[in-house]
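The values are calculated or read from the model by the stated rules, or taken from the named source; none is laboratory data. For clarity, every value in this text was computed on a predicted model and none was experimentally measured. For neighbour counting, all protein chains shown are included, and Cβ atoms are generated from backbone atoms with ideal geometry for every residue, glycine included.
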Amino acid sequence: MEENWEKQLACAEVCLRCNTPLGKKDKRLLSVYDHEPICMDCKSAEEKRPDYEDTTRAMISTCMETENRPYGNPASYCFHHFCPFKCKD
């Protein structure tokens, strides 16, 4: 998994899907498709894709194997595909 994912996600300044600027207080998540930071609107659109469930299952399985942590663990890379993050800087 991405080594500096927390900083990349938490302080992403733009949604890498739609290029919408993200302020420090705006929520963002990692995409289950490409693991890039995206805004909440793009996450909603992602969840409507017909392959979202299968892609999510595959991503969780891969993450759990790689990280040896359950995807619901807040320290897990996988968790931030589903739990919004804000910049703390």
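A compact table of results
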{"quantity": "Residues (modelled with pLDDT of 90 or more and under 13 Å from the mean Cα position of the chain (by Cα)) located in region 1-31", "calculated": "C15, L16, R17, S31"}
{"quantity": "Selection from region 38-85 of residues that are among the basic types (K, R) and at pLDDT 75 or above", "calculated": "K43, K48, R49, R57"}
{"quantity": "Region 33-69 - residue that is of a type in the set (A, V, I, L, M, F, W, C), part of a helix (DSSP H, G or I) and in contact with a helix residue (DSSP H, G or I) (Cβ under 9 Å, 6 or more places away or on another chain) and, of those, farthest from A12 (Cα to Cα)", "calculated": "M64"}
